[in-house]
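Have a look at the structure below before the remarks.
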Amino acid sequence: MPKVTIDNITIDVPPGTTILNAARMIGENVPPAMCYYSKLKGSGGKCRVCLVKVTKTSEQNPRGMPKLVASCVTQIADGMVVENITSPEVVEARKGVVELLLINHPLDCPVCDQAGECHLQDLSYEHGAATTRYDFGRRTFNKIDIGPYIQLHMTRCILCYRCVYTADQLTDGRVHGIINRGDAAEISTYIENIIDNDFSGNVIDVCPVGALTDRTFRFKSRVWFTKPMNAHRNCDKCSGKVTLWFQGEEVLRVTGRKDQYGEVEEFICNTCRFETKKKSDWVVEGHRRIDTHSVIAQNHLPYELDVVHPQIEQAQ
Amino acid sequence: MSRLKILTEHIDKPEITGIEGYIKHGGYRAVEKALKKMQPDEVTEEVKKSGLRGRGGAGFPTGMKWSFIFKGNDKPRYLLCNADESEPGTFKDRLLMEKIPHLLIEGMIASSFALGVKTAYIYIRGEYMYILHILQKAIDEAYAKGYLGENILGTTYSLDLHVHPGGGAYICGEETALIESLEGKRGNPRIKPPFPAVEGLWGCPTIVNNVETICKVPFIINEGGETYANIGIGASTGTKLISACGNINKPGVYEIELGVPVEEFIYSDEYCGGIKGGKQLKALVPGGSSVPILPNRLITKTAKGEPRLMSYESLSDGGFPTGSMLGSGGFIVFDEDQCIVRNTWNFSRFYHHESCGQCSPCREGTGWMEKILHRMEYGHGRMEDIDLLWDVQRKIEGNTICPFGDASAWPVAAAIRHFRDEFEWHVLHPAEATRRNYGMGRSAEPIEQVTA
Ligand SMILES: Cc1cc2nc3c(=O)[nH]c(=O)nc-3n(C[C@H](O)[C@H](O)[C@H](O)COP(=O)(O)O)c2cc1C
Ligand code: SF4
Ligand code: SF4
Ligand code: FES
C-alpha cells in the first residue's frame, strides 16, 4: 500500500485515497472541509479551506507541487510528503480563505440556528483572524421559505454546493441549484418552486452553516440546551436511524446521525425528520456521543474539575 | 519590408472567404495530403517537430498535448476549437474566422484526423453570432465539396463538424468550463485531474485548442514541421497574431514572426506606427488583460538589459517578477496620459463580473479588489488600501480551482509593483484624481509629472 507522510506522521493507505482522507485515517491535524462531503459524489475542491502543501510529490518525483493543493480532491502517491499545519504558507492561505468566506457571512451566530454546530464558526475560531479588514456593504437577502419544511437564509450561505449535490443525488427531479455568477451567485429553487420530495430535508443536514434551516425547529431552542439521543424506528423509506434532540420529554428536532467530521452517516427521509416528533414514535437507544470540544457537550457530559494543588511558597 | 505570413497572406482578398477562392489560393491541400498520404501519428509528429505552442494564452506545446490523448479505451474522442475569445484586448481569432473561415475548417479536419476524432466542435463566443453564420456557411460548403461528412475525399476517414455558440461568459473560454458549457451545464471549470485529454467532453478523451493554433496546422502539414520550426526564435517558433490596441497610430491585428523586438513592433510603420500624437510610452500590457503590465523602463528592455522581444521567453523575462507574458497576444499600449489605477480598476471590474463563483478566494476576492480600486480611483482611498490590495491578490493567486484566479490577481500585483507611486498619488490627491478627464484628449494632470 502506498505510504504518505502528513505533518511528519507516516501511514499506509489504499491506492486512490485523497490526502484529506489519509489525514482522517491518521486522525490528527485533519484539514478542515467546508465543501467536501464523503457521502456526496463529486463534492469538494471548491471552498479551498483544505489547502495543503505537497513538499514531495512521490517516490519517483521528489520535487514538491508548485502550488498549494486542495487535499480533498488530490490523491496520494507513494512516498508523498504533505504539510498541513506544519506549513506557515498553508496556515496563512487558510487564514486568507476564512477571511474571504466571512466577507459575505453575517456574524449573526447569536440568533443563527446552526450556532454550536457550525463548521464555519469552528473554522474561524481555529484558523481565522480576530478582526476584519473588509469595510464595504455586505450582501443582504430576504429569508425564503422553500416549501413547508425548509427556510433559506442566503446571507449565511458559503456556496459550498453540498445541498446541490444532495438534491441531485438523493432526490428526484431536482429543482434547486445555483444561479448567477461570482459573488452574485446564490442558491435558488427553479423559479418559485419548492423542494418537495421525500429526502429533501437532508439538504439541511449537509449545510455546513446556518443557511438552510429546519422550519419545524427554528428558534425552539439553542442546540446546547437540547439533549441528543440516538433512536430508530421502522421506516419503509430510509434506515430510520436518527438523532432525536430532546428538551425534557419533548422531541424538538430530528436529524441524521453525524460522524466525527459532521457528515451524515445515513440520509433519512422527511417522514422521520419532520413528521414523527413524538417520543413514542421512536425506540430510543441512548445518549449520542458528542465530542467534548463541542459546545453541544456543555450541560451534558459529566466532567470533573482538575484538582489543583497550589504550591505554597516556603518562607526562606 | 514585408515578412512571412502564414495565416494572413491572402486575408485581404475578398474571394478567400468562399470555398472556391480558398481552394484557388492553395486551400485544402493539407487535407488531401494528410488523409491520402499520411498516417494520423505522422501528422502529430510533424506538429511536434514544428514546436507549435498553443495560441490561446498558456502556450503549451500543441504536439505534446495531442500525444496525451488517451487511447486506452474505445470511447469516441473529441476535438474542440476554442473560439470563445473573451480576454479583454484580444481580438485576433475573429479575424481568421471572419475573413478566412475555411482555414479553420481545414485545420479542424487535419487535426481531427491526427487525433482519431469523428466529431468535432467549434465553440464560439455568443457575441460572435454573425461569425457563427459565416462559419456555418463555410461548413456547409465543405460538406458539399466532400471535405466533411462520410468518407472524406473517398478515404475511409469521416468527420462531422459543428459550430456551437456559447453564452457569452469569459470563463467559458477556460477549457474545462467550455466542456461543461458544451454539455449544457453552467460554465464552471472542472477540477483537474482528470485532464480533458483523458476525460473531457461526455467523459471521453478530448483536446481543446485555440482557433489560431488550429489554423497553423495546414501550413505545418504542407511545408513540414521543420520549416515551421525554423521561423521565429528559440522555443517560440512560427508566427503569432497580435491584436494591438490602445494609444497607437495603427491599431489592428498583425501577424508577426516571433522574435520581433517589442520596440520595433510599437514604433515601425509596418506595425503599430508609434504612439498616437507623438506622446510618451508609459506602459504596456503585452498579452491580454490577465498578464502583468510592464512599465516604460521594462518595455523595450528586460530586467537584464537585453532587448525585449515578442516571444514567450523574452516577455516572461526568464521568470523575473518584472516580466510579463505573451499570453493570447492582446497588446495594449498606454501613453503618458493614461491612469494606471483607473485601468487596473477597469480590469478588476471585469474579473469581478466574470468569476464563475465556484471557489471562495476568487468569488469573494475579485469583488473585494474591485471595490478597493474603485474607492481609490474615486478619491476615497487610504494609504493602507495599497497593502490591503496587495494582500488580497496574494490570497487569490495560486489558491483557486482554475487559472482565472491568477488572471484576476496578476494585473493588480504588477500595477502595484511598478506603479505604487501612482496609487499613493491617488490617496494623497483625491480631488485631482477624481477631476481628471479620462480618455478625452489630454487629461488635466499627467500622472508622471506629479510627485507625491
Ligand atoms: C479564464 C480563462 C479564459 C480563457 N479564455 C480562452 C479563450 O477565450 N480562448 C482560448 O483559446 N483559450 C482560452 N483560455 C485558455 C484555454 O483554457 C486553453 O488553454 C486553450 O484553449 C488551449 O488551446 P491552445 O493549447 O491552442 O492554446 C482561457 C483560460 C482561462 C483560464
Ligand atoms: S445553502 Fe448551505 S449547503 Fe447549500 S451551498 Fe449554501 S452553505 Fe452550502
Ligand atoms: S478561480 Fe474563479 S473562475 Fe475559476 S473556478 Fe474558481 S471561482 Fe470559478
Ligand atoms: S473541502 Fe477541499 S476545497 Fe472544500
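The values are calculated or read from the model by the stated rules, or taken from the named source; none is laboratory data. The structure displayed is predicted, hence computed values, not measured ones. Here the Cβ is made from the backbone with ideal geometry for all residues, glycine too, and neighbour counts use every protein chain on show.
A few points about this structure:
- Applying the criterion of being touching a strand residue (DSSP E or B) at 6+ places or on another chain (Cβ under 8 Å) and among the β-branched types (Val, Ile, Thr) to the residues of the stretch B:279-321, the residue that is surrounded by the fewest Cβ atoms within 10 Å (Cβ to Cβ) is B:Thr300.
- Residue count, the stretch A:168-187 (criterion: within 26 Å of A:Cys109 (Cα to Cα), of a type in the set (Gly, Ala, Ser) and in contact (Cβ under 8 Å) with a residue 12 or more places away in the chain): 2
- Members of the stretch B:9-30 that are small (Gly, Ala, Ser), surrounded by 15 or more Cβ atoms within 10 Å (Cβ to Cβ) and closer than 20 Å to B:Thr239 by Cα: B:Gly27, B:Ala30
- Every test in (1) at negative phi; (2) crowded, with 18+ Cβ neighbours inside 10 Å; (3) away from ligand 1 (no atom under 16 Å from the Cβ); (4) not acidic (Asp, Glu) is passed by A:Asn197 save one, and that test is (2).
- Hits in the stretch B:301-311 (condition: at pLDDT 95 or above and not in a strand (DSSP E or B)): B:Arg308, B:Met310, B:Ser311
- Just one residue in the set B:Ile6, B:Ile23, B:Ile109 is of a type in the set (A, V, I, L, M) and either at pLDDT below 95 or not in a helix (DSSP H, G or I) (or both); that residue is B:Ile6.
- Consider the stretch A:65-102 and keep the residues that are touching a residue at least 40 places away in the same chain (Cβ under 8 Å) and of a type in the set (D, E, K, R). The one that is surrounded by the fewest Cβ atoms within 10 Å (Cβ to Cβ) is A:Asp78.
- Qualifying residue in the stretch A:43-64 (condition: in contact with a Pro (Cβ under 8 Å, 6 or more places away or on another chain), within 14 Å of chain B (Cβ to nearest Cβ) and in contact (Cβ under 8 Å) with a residue 60 or more places away in the chain): yes
- Being surrounded by fewer than 22 Cβ atoms within 10 Å (Cβ to Cβ) and assigned to a loop (DSSP other than H, G, I, E, B) is true of B:Glu199.
- Among the residues of the stretch A:1-49, those that are within 15 Å of ligand 4 (Cβ to nearest atom) and not in a loop (DSSP other than H, G, I, E, B) comprise A:Ile6, A:Thr18, A:Ile19, A:Leu20, A:Asn21, A:Ala22, A:Ala23, A:Arg24.
- Counting residues in the stretch A:119-134 that are in contact (Cβ under 8 Å) with a residue 12 or more places away in the chain, within 30 Å of A:Lys220 (Cβ to Cβ) and part of a loop (DSSP other than H, G, I, E, B) gives one or more.
- Scanning the stretch A:65-87 for residues that are within 14 Å of another protein chain (Cβ to nearest Cβ) and in a loop (DSSP other than H, G, I, E, B) returns A:Met65, A:Pro66, A:Lys67, A:Leu68, A:Ser71, A:Cys72, A:Val73, A:Thr74, A:Ile76, A:Ala77, A:Ser87.
- Note on the stretch B:27-59: residues that are part of a loop (DSSP other than H, G, I, E, B) and over 27 Å from the mean Cα position of the chain (by Cα) total 2.
- Taking the stretch A:114-157 as the range and being within 26 Å of A:Val30 (Cα to Cα), more than 14 Å from every other protein chain (Cβ to nearest Cβ) and out of contact with any Cys (no Cβ under 8 Å at 6 or more places or on another chain) as the test, the residues that pass are A:Gly116, A:Glu117, A:Asp122, A:Tyr125, A:Glu126, A:Ala130.
- Taken across the stretch B:80-98, residues that are buried (at least 18 other Cβ atoms within 10 Å of the Cβ), under 22 Å from the mean Cα position of the chain (by Cα) and on the phi > 0 side of the Ramachandran plot do occur, with at least one present.
- A:His105 passes every criterion in (1) surrounded by 19 or more Cβ atoms within 10 Å (Cβ to Cβ); (2) modelled with pLDDT of 95 or more; (3) in contact with a Leu (Cβ under 9 Å, 6 or more places away or on another chain) apart from (2).
- Hey, A:Val90 assigned to a helix (DSSP H, G or I), in contact with a helix residue (DSSP H, G or I) (Cβ under 8 Å, 6 or more places away or on another chain) and among the β-branched types (Val, Ile, Thr) or not: no
- A single member of B:Ile340, B:Ile401 is of a type in the set (Val, Ile, Thr), within 22 Å of B:Glu87 (Cβ to Cβ) and within 14 Å of ligand 1 (Cβ to nearest atom), and it is B:Ile401.
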